[in-house]
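Take a look at the structure set out below.
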Amino acid sequence: MAVIDDTVTEHVVPHHAEEPSGFYRWLTSTDHKVIGKNYLYTSLAFFFIAGLMAVLIRTQLFSPNNHFVSPQTYNELFTIHGSMMLYLFAGPFAFGGVANYIIPLQIGAPDMAFPRLNSLSYWLFLTGGITMLLGFLTASGAAAFGWVAYAPLSEATNSPGAGPDLWIVSVALVGFSGIFTAVNLVTTIMYLRAPGLTMFRMPIFTWNMLVTGILILISFPVLTAALILLYADRHFGTHIFTVAGGGVPVLWQNLFWFFGHPEVYILALPYFGMVTEVIPVFSRKPVFGYKGLVFATLAIAGLSTGVWAHHMFTTGTVLLPFFSALSLLIAVPTGIKIYTWVATMWKGSLDFKTPLTFSIGFIVAFTMGGITGVMLAAPPIDFYTHDTYFVVAHFHQVLFGSAVLAGFAGLYYWYPKLTGRMYREGLGKLHFWLIFIGFNVTFLPQYVVGLRGMPRRIAEYAASDGFTFLNRVSTVGAYITAIGFLVFIWNMWISWRRPIPAGDNPWDGHTLEWGTSSPPPSHNFHSLPPIRSQRPVWDANHPEHADYLRPPEPSRFSSRRDEAVVDR
Amino acid sequence: MKTEFRVYTGIGIFILVMLLVYFFWSGDGGNSILLFATVGLGLLPGAYLGWWSRRMEPRPEDREVVEPGGVADQLGAFPTHSIWPFVLGVGVFLTALAFVFGIWTAVVGLSFCFSAALWGTLSSRRGGLI
């Protein structure tokens, strides 16, 4: 237990039966920590499988007219790569894994509000993922219509066989899993907070997960409905998305992106939350502009539901100025976030441990991806670059920046809490530099090759196209990134085989999860520190610098420099 | 609970304004219905939370100052393990596969689902056998 003020709020350990152990525990546990770890391991496994597919894709594109894989296999690879990364890794890693584990701890709760529903969410996620991979075992192969499954390409005529059906069932199962997790997260945050932990004392990560949960509840049901309509078209003879029967193919795009664009922020907001936890702790300062960050998150949530058709500018069926204007507006709250992260570090006592290094890498990558996103929000630029590698580079910078760089910042940050062990700092840094260099070497050339006109989703290009050199650079970058992840696996292996005890609060953390043991006991807390500010554990461990003793927030962040504590 | 009310209602009102602008500018009824449903997703829970927040004392988690030890014994029973979510998950998985491989997987899957629903419900009555 960390150093805790002696006026603790007694926390009654709830009644529960004796816990099983071993495999049966893994199978039956409704403890959010066990389920959260299951989610983390499973989503990371899917991440490595999808990453391997990315390496195969890049190998195919290394040379012009290459025949490393067939065009059909190539289409299956990029479809399942994208689907796994988005549906099975980036989302579930954040809201099923990290949030599941951390949120009850951050709000002083003994568990999630609905533990058995939480367990069901995991099993639907796991079986949904297996269903997606089963497609490779069918005679027709896996789905090959891209992760967006545009109609009429995804209709039975153009994509026959069991593989596409398995994809539809898989995404529906994972969608239900996400909806259940969102219900659990929202209810837990609204009803199970510790006494004194008002909404405006919640950690930013918790705030972001609340908003993410609301966005999931808005958007995931639309996708599920669209999938049912697509299945009906494929098997029940309806013509909802087929022109031949009077249907409208663009309707699929509207329904899909009404899910798909909030989904982008469902994948980004949790990671924004993670770096907002990491940066203040490793800057030895409170987060700058707490309320600004909260309102920026809410603004992003509201705006993200009104920008779906910016993916459809080139269809000629959407109201360009409306969707362009709203898309450009999202840059404002996102810019506020970037500003507050930099301002939090400004004149802080920075401790460049692996989590902070990853966070800074995230800010760099995300800012580049965000700026190209602003460019793409302008229809004239989108018309020119639509369906080229420019777009591929843009969304990989945003999503790799978020889910991987910020995600691993969070993973390294909370790893001691999850395991009670410390990772190897040197290997963590090596992991960062390899994937940061590899990632930029992979995707920066793709901007250029996209502007030169290389379309996305093509298995081959000709030598005369002039794409060869940049594609080779990009492929080398992918290999460097892959080596970076081998370093990560080695780091985890070493930490497991030769553990270094981390202690309960190795980073001198601020929020409640650092006020319990590492790993935490069955129902998380035996007692809680008094909650009088946004940083209860900091207050308890540093009563002379407690937040609740400070005068009201100053208007200029430069005056915060005095608060940076250097006597670490 | 007032903040929760404001969050939901704020999102609902924001999307309502967006809906009105979009509908009168584009005349697109189909997508406006999606936005209209989203307004409901914001305003319905917002109204519920607002209704309750006016009729109840601030909960301990809504108070700025809480006396130490003054809120003990507020937590309920939390299960630590149950096999039924796993059984239900496998049942749903097998039932879903029927949409690809035929009805026979649903026969097995639905039996899992019904078993899990029955025993899962019985095992949680009175908050006892959890």
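When the residues of the range A:218-253 are narrowed to those that are open to solvent by 60 Å² or more (accessible area, probe 1.4 Å) and under 12 Å from A:E155 (Cβ atoms), which ends up farthest from the other protein chains (Cβ to nearest Cβ)?
A:A244
In the range B:12-69, what count of residues is obtained for those that are β-branched (V, I, T) and open to solvent by 60 Å² or more (accessible area, probe 1.4 Å)?
Residues flagged as β-branched (V, I, T) and open to solvent by 60 Å² or more (accessible area, probe 1.4 Å) within the range B:12-69 amount to 5.
Filter the range B:1-19 down to the residues that are farther than 21 Å from A:A194 by Cα, touching a Gly at 6+ places or on another chain (Cβ under 7 Å) and among the hydrophobic types (A, V, I, L, M, F, W, C) and list them by number.
Selection gives B:I11, B:F14, B:I15, B:M18.
Would you say A:T334 is buried (at least 16 other Cβ atoms within 10 Å of the Cβ), closer than 19 Å to B:F36 by Cα and hydroxyl-bearing (S, T, Y)?
no
Can you tell which of A:G335, A:G237 is at positive phi, modelled with pLDDT under 95 and out of contact with any Phe, Trp or Tyr (no Cβ under 9 Å at 6 or more places or on another chain)?
Working: A:G335 fails: at positive phi.
One residue alone meets the criteria, A:G237.
Go over the candidates A:T419, A:T442 one by one and state the one that is farther than 24 Å from A:R284 by Cβ, of a type in the set (S, T, Y) and open to solvent by 20 Å² or more (accessible area, probe 1.4 Å). Working first, answer last.
Working: A:T442 fails: open to solvent by 20 Å² or more (accessible area, probe 1.4 Å).
The conditions single out A:T419.
Condition check: in contact with a Pro (Cβ under 9 Å, 6 or more places away or on another chain), among the polar types (S, T, N, Q), open to solvent by less than 10 Å² (accessible area, probe 1.4 Å) and within 14 Å of chain B (Cβ to nearest Cβ). Does A:T297 satisfy that?
Working: in contact with a Pro (Cβ under 9 Å, 6 or more places away or on another chain): yes; among the polar types (S, T, N, Q): yes; open to solvent by less than 10 Å² (accessible area, probe 1.4 Å): yes; within 14 Å of chain B (Cβ to nearest Cβ): yes.
Criteria met by A:T297.
Test of understanding: among A:L185, A:L215, A:L153, A:L197, which residue is at pLDDT below 95 and within 18 Å of the chain's Cα centre (by Cα)?
Matching residue, one of A:L185, A:L215, A:L153, A:L197: A:L215.
It is to be established whether one or more residues within the range A:466-477 are part of a loop (DSSP other than H, G, I, E, B), over 23 Å from the mean Cα position of the chain (by Cα) and within 25 Å of A:P71 (Cβ to Cβ).
Yes: one or more hits.
So that you can scan it fast, the table gives a plain yes or no per residue for (1) facing chain B (nearest Cβ under 9 Å); (2) over 19 Å from A:L528 (Cα atoms); (3) open to solvent by less than 10 Å² (accessible area, probe 1.4 Å):
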site: A:F180; (1), (2), (3): no, yes, no
site: A:V183; (1), (2), (3): no, yes, no
site: A:W207; (1), (2), (3): no, yes, yes
site: A:V211; (1), (2), (3): yes, yes, yes
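If a residue must be outside any loop (DSSP other than H, G, I, E, B) and either free of Cβ contacts under 8 Å to residues at least 40 places away in the same chain or aliphatic (A, V, I, L, M) (or both), how many such residues does the range A:497-527 contain?
Result for the range A:497-527: 2.
Which one of A:G213, A:G196 is out of contact with any strand residue (DSSP E or B) (no Cβ under 6 Å at 6 or more places or on another chain), part of a loop (DSSP other than H, G, I, E, B) and over 12 Å from A:E155 (Cα atoms)? It would help to see each step written out before you state the result.
Numbers: A:G213 fails: part of a loop (DSSP other than H, G, I, E, B).
Criteria check complete, one pass: A:G196.
If B:V108 satisfies every condition in (1) at pLDDT below 90; (2) open to solvent by less than 80 Å² (accessible area, probe 1.4 Å); (3) on the phi < 0 side of the Ramachandran plot but one, which is the exception?
Exception for B:V108: condition (1).
Within the range A:196-205, count every residue that is surrounded by fewer than 24 Cβ atoms within 10 Å (Cβ to Cβ) and at the interface with chain B (Cβ under 8 Å from one of its Cβ atoms).
Counting residues in the range A:196-205 that are surrounded by fewer than 24 Cβ atoms within 10 Å (Cβ to Cβ) and at the interface with chain B (Cβ under 8 Å from one of its Cβ atoms) gives 3.
How about the range A:254-294: which of its residues are open to solvent by 10 Å² or more (accessible area, probe 1.4 Å) and of a type in the set (G, A, S)?
A:G289, A:G292
Cβ-Cβ under 7 Å, sequence separation 6+ or interchain: first residue in the range B:11-29 and in the same structural domain as B:G46 (by TED's automatic domain parsing), partner part of a helix (DSSP H, G or I) and charged (D, E, K, R). Which pairs?
none
Do we find that B:T38 is assigned to a helix (DSSP H, G or I), at the interface with chain A (Cβ under 8 Å from one of its Cβ atoms) and not aliphatic (A, V, I, L, M) in this structure?
yes
Would you check if there is a residue in the range A:382-397 being touching a residue at least 24 places away in the same chain (Cβ under 8 Å), closer than 29 Å to A:G426 by Cα and part of a helix (DSSP H, G or I)?
yes
Out of A:G91, A:G129, I need the residue that is surrounded by 24 or more Cβ atoms within 10 Å (Cβ to Cβ) and either at pLDDT below 95 or among the polar types (S, T, N, Q) (or both). Which one?
Result: A:G91 is the single residue among A:G91, A:G129 that is surrounded by 24 or more Cβ atoms within 10 Å (Cβ to Cβ) and either at pLDDT below 95 or among the polar types (S, T, N, Q) (or both).
Kindly establish whether A:T314 is of a type in the set (S, T, Y) and open to solvent by 10 Å² or more (accessible area, probe 1.4 Å). If you could, list the steps in order and put the result at the bottom.
On the way: of a type in the set (S, T, Y): yes; open to solvent by 10 Å² or more (accessible area, probe 1.4 Å): yes.
The answer is yes for A:T314.
Residue-wise test of (1) at pLDDT 95 or above; (2) more than 25 Å from A:P280 (Cβ to Cβ); (3) not basic (K, R).
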site	(1), (2), (3)
A:A482	yes, yes, yes
A:W507	no, no, yes
A:W514	no, no, yes
A:S522	no, yes, yes
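The values are calculated or read from the model by the stated rules, or taken from the named source; none is laboratory data. Being a predicted model, the structure only gives us computed values, none of them experimental. Heads up, the Cβs are rebuilt from the backbone with ideal geometry, glycines too, and the neighbour counts pull from every protein chain shown. Quick note on the areas: whole protein, heavy atoms, side chains included, nothing else; ligands and nucleic acids left out. Shrake-Rupley method; radii C 1.70, N 1.55, O 1.52, S 1.80 Å.
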